[in-house]
Each structure stands twice: as structure tokens, then as C-alpha cells.
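The values are calculated or read from the model by the stated rules, or taken from the named source; none is laboratory data. Keep in mind it's a predicted model, so treat the numbers as computed, not measured. Cβ coordinates were reconstructed from backbone atoms using ideal geometry, including for glycine residues, and neighbour counts include every protein chain displayed. Calculation scope for accessible area: heavy atoms of the full protein, side chains included, ligands and nucleic acids excluded. Shrake-Rupley method; radii C 1.70, N 1.55, O 1.52, S 1.80 Å.
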Amino acid sequence: MASASTFLSHPNPQANDVVSSAICQFKSCSFASQSTLFGSKFASKSLSLHTATTRPGRPEPACASDSEPISASHSHQTFDVLIIGAGIIGLTIARQFLIGSDLSVAVIDKSVPCSGATGAGQGYIWMAHKTPGSDLWDFGLRSQRLWEDLTESLSEQGLDPLQLLGWKKTGSLLVGRTPEESDMLKGRVRLLCEAGLRAEYLSAIDLLVKEPELMVDKDTGAAFLPDDCQLDARRAVEFLEKGNRHYSSKGRYAEFYNNPVKSLLRSGGSGEVEAIETSRNILYTKKAIVVAAGCWSGSLMCDLLRESEFVLDVPVKPRKGHLLVLENFNSFQLNHGLMEVGYVDHQTAIPLPNISTSGLLDHDGQTLSVSMTATMDTAGNIVLGSSRQFAGFCSELEESIISRIWDRAGEFFPKLREKSLSDFSKSREVRVGLRPYMPDGKPVIGPVPGLANVFLATGHEGGGLSMALGTAEMLADMVIGNPEKVNSAPFAVHGRC
């Protein structure tokens, strides 16, 4: 692999255009979904699709088979839910509507899945760096348990979560190297145990047994959470797409990729948003429009509302990150996922006293933070990170940052210092992604005030993979009117946008 290539992946590269199956023409149809596609304990129930009477002037839904994607001539179509964004958040929201209701769904994206932050992620499904009692705690815990439920369901059906999702229960180690960090970790372990998680503090000797490659001294310690997991974003997206597409033949699912959204169309009477216009289609909605476009969500909403009197400032912005993947490094082994204590405060980009945060650096006038994270993926490759910086929407690979990631990792793993980064010039991959950052560190999930049928689901920063299923459940419950499982108030649009 070329050493300077920016990672960009799509698990189904043939899906370069509209890959879709439209809504069935019939007023109602019933079917039984196959639970094996999504591993859902609830997806085996018989669902009934009832298509509401189409409004005057609105086109009837088209009909196509699995092998007959909609052609460009089908320019006007109707769905219950339109989702803008085909990252892990958008695809899991689509999945939730498909398995938990009889609503029809279309996913629209200016590019293809895994072309944003999703494809550049490290795959943490962790609680080690979250704080009990915080706004994110119950939400993160719920999402982690939903991932665990999904993998257990797959296993019960004789399927392999490792193969389908890259799912591994590796456990996590949050590593400290100073007396202050060790004291903080001991306190964190107490909080985690009181919150009901399995956690323990490891001294230097115990930590070395867990991870022989790690450099330790008398002040080194770690919080160990044996139930934390990781997954592979590309495999997860491929699994979600395959499951979603099962509903195409039922007339309930369609994809419109490489098809940028241009504007929102509002009803002349009620003022409610009734459709979106893309570069090739007008897509009508009967229930909701969900904007899940990652770091582009804020600028997209500004563009979509430019012609109206409605003002909405979504303060989400891109936060660039690099990951370094070392291939065929067989002499270096990791048994768990690791991150340094500085990663916990990594999001704030503010150095804290007595915490060896990874070094906040001035990089061409930008604040750059680099913290050690290390995992081993399903192929046995070593994945090292991670950096955070505000560089606009630039996603170009920066070798100087890769060097800093390498140097930081070498401070924790002496074996890495035995080699030069140039030794991996032909056996490395660099992933560059733009995380959707919110200033208060919490995602935005909920209806847009004044636009009752428009919802936002963005701002997860580096936690999109871990919080995806919780986000999907929360948003679908809002749209459908189900009781919420987790308090959604901390993530509301009102007062934050």
C-alpha cells in the first residue's frame, strides 16, 4: 500500500450511483423479515406496511425488484423517512426504522458509505474513558449494550460476529504513567465499579503481565475493563448495508449515493418540510427527514435553509484525525485495546495540570493534540493513534502528524523504537477522517425547533461507532412516539443550536 495514501473505503464499490429499490405501489403489503440479516431479536416478527394516501400532486411511490435499481427517470419518489448521510449513524438509524416499524426509508449521501469519519475510525466500543453520572454515561452504556445484544443474537443464530462486524471483546486498558495519573485511575475504577461495570486497577507488575510489549515503571498503572470491545467499521457498514437492502424487495428501502442534497421543499400551506431536492431527484417524506451528515451537518443545514427566513446555527465542525495502520508487523503483539490517560481530556484540547496529556502542539497555527491509542484489528494489523486538530474541511494526509503519532507510541512501546517509520513505507495505511465536533462534547439528537419533522443526529466526534445504536434507537423512538429508554434532554437541539 502506498505510504502516502489517504484511506477511503466503501465495502461495495460497485454502488457508485443510485442503488435502490423504491416503495411498493400497493396500498399495503405484509411480510416477515429475516432475523439473520440484522441479528435482531425483534426482526423476526411479521410487519405490515400501510402506505398512506398520497397527497394531491405528490407522486405515487415507484416499485422495483432487488435486481432492478431505480433509474434516473424516477425523479419523484415518496418515503416515510429520508436520512441524509450514509455513515454509521445514518445507516444504523435506517436499520432501526426497518426492524422496529413498518416505515419506508431512503438514505441519501453526496458520496458513499465510509467516506467520512466512519471509515477512518479505530472501532472502540469502550466505557473506560467515560465518566459515570455524566450526560454521556447512560447513553454510552445503552449503546454498548445494544451492540452486545446484536452480537449475542448473531451468535445464537450460528453467525460469527468477528467475521460480520470485526467484533472482539478485547478489554480495554487506560494507562497512566505518573503518581497523579495512577491516583486518578484508582478513583475512576471505584466509580466504574459503583456504576455496575467490571473494572480493576492494575499495578505495574500486573499490567506487564497483561501487555508484555508495554513499557512500565514503578509509577505506571492502568484501569482495566475486561468487557470493553472493538469492531471494524468497514465490516459493520457492509453488514448494515446488506441488512438494509433486504428490505428493498419489500418496497421499504432505497439508497441514493453520489447524489448531493440541494434544498428543502416546504409546503405552501402548513410550512412543513415535505421533500428534499437532490442533484437528480425530488424525494418526498411522509414522516421525517433526518440530517446525519457528520461534520457537514452544520454547513448543510445553512445551505438548505439559505432561501428561507428560518435561521439555525448548528455549531458542529470538523476535527481532523489521523490513524497509522502497520501491516504484517508480526513481531509486535497486543492483547487488549490501549489508550493513555491523556485521551480522556483529549477532546477539550486544554492541558490539565499534572496530567501527561500527549502533548498539545502548535501545528502551523493550529492546536494539535496527539494521544497514544493502540489496537490490533481483525487482520492482525497494529492501529496507532491518534491526533486531533481543527483544520477546516481539509482531509489531506500530513506526514509530520504521522511522525508525531509514531514517536508518541514509541514512548509506550520500546519495540517500536527498534524500527524507523520508513521501514513501513510499503506496509502501512494512513486513515484520515473529519470527526463531527460539538463544543460541549455531546452529540445533537432531536427535532429542529420550528421544523417539527426535521431531525438532527450529529456531533458524535470520535464516538460515532460506539454511540451509533443508541443514537438510532433514541431518534427512531422520537419519530415513532415510543417511550425513550435514555433521557434525551442533554442532546436536544434547542438551546444548543
Worksheet item: Residue-wise, which Karplus ³J(HN,Hα) couplings in Hz belong to the stretch 476-484, taking 6.51 cos²θ - 1.76 cosθ + 1.60, θ = phi - 60°, and x for glycine or proline?
Response: 4, 4, 4, 5, 7, x, 6, x, 7
Fill in: Rounded to whole Hz, the Karplus (6.51, -1.76, 1.60) HN-Hα couplings of the stretch 404-418, x for glycine and proline
5, 4, 4, 5, 5, 4, x, 5, 9, 10, x, 4, 5, 6, 6
Item to complete: Enter the accessible area per residue of the stretch 396-443 (Å², integer; probe 1.4 Å; all protein chains in place).
Response: 42
Response to the item:
Around residue 163 (Cβ within 12 Å, Cβ-to-Cβ, excluding residue 163; K/R +1, D/E -1) the net charge comes to -1
Worksheet entry | 3J(HN,Hα) from dihedral phi, the stretch 122-127, Karplus parametrisation 6.51/-1.76/1.60, rounded to Hz, x for glycine, proline | 8, x, 5, 10, 10, 10
Practice prompt. Starting with the highest mean, order 219-232, 180-193 by the number of other Cβ atoms within 10 Å, averaged over the residues of each peptide.
Written response: 219-232, 180-193
Worksheet item: How big is the gap, in Å, between the Cα center of the stretch 197-258 and the Cα center of the stretch 471-495?
Response: 24
Discussion item. Can you list residues from other chains, or at least 5 along the same chain, whose modelled amide H is less than 5 Å from the amide H of residue 273?
Written reply: 267, 453
Worksheet item: lysines within cross-link reach of residue 442: Cα-Cα under 23 Å, excluding same-chain residues under 8 positions apart?
Response: 130, 317, 320, 485
Worksheet item: For labels at residue 328 and residue 160 in the simple 7 Å Cα→Cβ model, what's the distance in nm?
Response: 2.3
Practice prompt. Compare the peptides 80-89, 234-243, 423-432 by average per-residue count of other Cβ atoms within 10 angstrom and give them in order, highest first.
Written response: 80-89, 234-243, 423-432
Worksheet, complete the sentence: In Å, the C-alpha Rg and Dmax of the stretch 101-226 are 18.3, 59
Fill in: Contour minus Cα-Cα distance for residue 302 and residue 423 (0.36 nm per residue)
39.0 nm
Worksheet item: Sequence-distant or interchain residues sharing an amide H contact under 5 Å with residue 278, placed H: which?
Response: 262, 283
Discussion item. Taking amide H atoms as placed 1.01 Å from N in the peptide plane, list the residues 5 or more away in sequence, or in a different chain, whose amide H sits under 5 Å from that of residue 131.
Written reply: none
Practice prompt. Extending each Cα 7 Å along its Cβ direction at residue 265 and residue 379, get the distance between those two points in nm, one decimal.
Written response: 4.3
Fill in: Charge sum, other residues only, whose C-beta stays under 10 Å from residue 198's C-beta, Lys/Arg counted +1 and Asp/Glu -1
-3
Worksheet item: If the cut-off is 19 Å between C-alpha atoms, which lysines fall inside it for residue 168, apart from same-chain ones fewer than 8 positions away?
Response: 210
Practice prompt. Starting from the Cα of residue 485, step 7 Å along the direction of its Cβ; do the same at residue 411; then give the gap between the two resulting points in nm.
Written response: 3.9
